[in-house]
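S.K.: Let me begin by handing over the structure; questions about it come next.
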Amino acid sequence: IESMRSVGNTDVYASLEAARTVREDPARPVLAVLVTDARPTAGVIGSSDIIEGFTRQNKGWVSVFSVGGGKKVNRFLIDLLSYRNRGESLVVPEATDIPAALARWAKELDRPVLSDLTYRLSGYNTADIFPNSLTHLFLDRPLVIYGRVDPNENIAAIQILGRAGTQQLDMGFPLDATKALPGNASIRDRWAWQKVYHLIGNYIQAQSPALLQQIRDHARLYHLVVPYGYGEGVPAE
């Protein structure tokens with residue numbers, strides 16, 4: 001890294017494509033940490049084009065964990081790119097905070113336990129459960145799934161399936177809504193963001209008027225400032 005020199009261009013898509021050339025090793029997941037202001041000036045420039053193009057080619061193989069710093073970061077690009085590729089984004093207030101953000105990812109992603117996770121829920125309607133595509137399971141990082149359920153559906157279970165090397169393993173947990181701790185506005189807001197990410201991802205794939213209306217209705221209901229929103233968002237590109 002010390003030998004690298006800035007040449008003034010940002011080609012996010014080419015960097016991501018380079019990550020996909022890493023040779024597959026069944027014993028370990030492939031992780032990419034993208035450090036960027038997410039404002040490309042070379043190659044593929046459109047945010048939606050980068051998100052959809054890479055996601056379609058990647059098919060969840062490379063997990064993208066992003067770091068952005070400063071007040072001009074294009075959050076739309078790094079949030080959606082990470083969300084749709086088994087990762088998460090961190091945006092810090094100043095560029096000088098980036099080393100601490102990288103140290104956090106280094107600690108949390110150091111010890112993978114299960115990769116290529118999927119999950120199954122019984123007893124609940126899964127239409128409002130997010131994300132659909134999970135990150136890998138790491139020893140030092142919580143695995144979080146957000147959902148809304150009918151309070152009358154009290155008994156359920158969740159099964160997490162994943163790969164450890166060449167082995168397929170699973171974990172099962174009972175879920176009893178009657179024993180759940182009270183929620184708060186923070187949980188509600190995080191669920192609302194998860195759903196809008198899901199809707200925007202679908203809209204990037206198929207730009208239908210019905211999906212656009214869903215995004216706007218959801219953003220209005222939960223007061224989210226998003227691209228494609230109801231007048232408070234910023235342009236997607």
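The values are calculated or read from the model by the stated rules, or taken from the named source; none is laboratory data. In this text, all values refer to a predicted model and were calculated from it rather than measured experimentally. When we count neighbours, we look across all protein chains shown, and the Cβ atoms used for this are built from the backbone with ideal geometry, even at glycine. Heavy atoms of the whole protein, side chains included, go into the accessibility calculation; ligands, DNA and RNA do not. Shrake-Rupley method; radii C 1.70, N 1.55, O 1.52, S 1.80 Å.
S.K.: Once ligands and nucleic acids are excluded and a 1.4 Å probe is used, how much of Ser6 is accessible, expressed in Å² to the nearest 10?
M.R.: 110
S.K.: For the pair Thr41 and Leu169, how long in nm is the line joining their label points, each one 7 Å along Cα→Cβ?
M.R.: Modelled inter-label distance: 4.7 nm.
S.K.: Please report the projected area of the stretch 69-145's Cα convex hull averaged over all directions, in nm².
M.R.: Hull-based average projected area comes out at 6.1 nm².
S.K.: Follow-up question, since we're still on this one. In Å and from the alpha-carbon atoms only, list the Rg and Dmax of the chain.
M.R.: Considering the chain through its Cα atoms, Rg and Dmax are 18.6, 60 Å.
S.K.: Normalised by the number of residues in the chain, what is the relative contact order in percent for Cα pairs under 8 Å and 6+ residues apart?
M.R.: Computed over the chain, the figure is 14 percent.
S.K.: Still on this structure: From largest accessible area down, sort Val35, Val7; use a 1.4 Å probe on the protein chains.
M.R.: Val7, Val35
S.K.: What order, most packed first, do the peptides 179-192, 53-66 have when packing is the mean number of other Cβ atoms within 10 Å of each residue? Present the calculation step by step, with values, prior to reporting the outcome.
M.R.: Numbers: 179-192: 10.9, 53-66: 18.6.
Output ranking for 179-192, 53-66: 53-66, 179-192.
S.K.: Please work out how much accessible surface Met171 shows to a 1.4 Å probe, ignoring ligands, DNA and RNA, in Å² rounded to 10.
M.R.: Using a 1.4 Å probe on the heavy atoms, I get roughly 60 Å².
S.K.: How compact is the stretch 1-119 by the rule of thumb for globular proteins, expressed as Cα Rg over 2.2 N^0.38 Å? Kindly include the intermediate steps, with their values, before the conclusion.
M.R.: On the way: Rg = 14.2 Å, N = 119, 2.2 N^0.38 = 13.5 Å.
The reported ratio for this selection is 1.05.
S.K.: Please report, in debye to the nearest 20, how large the charge dipole of the chain is about its Cα centre when each Lys and Arg carries +1 at its beta carbon and each Asp and Glu carries -1 there.
M.R.: Values: 25 positive and 25 negative charges, 11 e Å.
Result for the chain is approximately 60 debye, rounded to the nearest 20.
S.K.: Quick one: net charge around Thr10, please, counting Lys, Arg +1 and Asp, Glu -1 for every other residue with C-beta under 13 Å from its C-beta.
M.R.: 0
S.K.: Right, something else. Please figure out what share of the DSSP beta bridges in the chain is antiparallel and state it in percent, rounded to the nearest 5.
M.R.: 70
S.K.: Given a 1.4 angstrom probe, what's the average accessible area per residue across the chain, in square angstrom?
M.R.: 57
S.K.: Excluding same-chain residues fewer than 8 positions from Lys72, which lysines have a Cα within less than 30 Å of its Cα?
M.R.: Lys59, Lys107, Lys195
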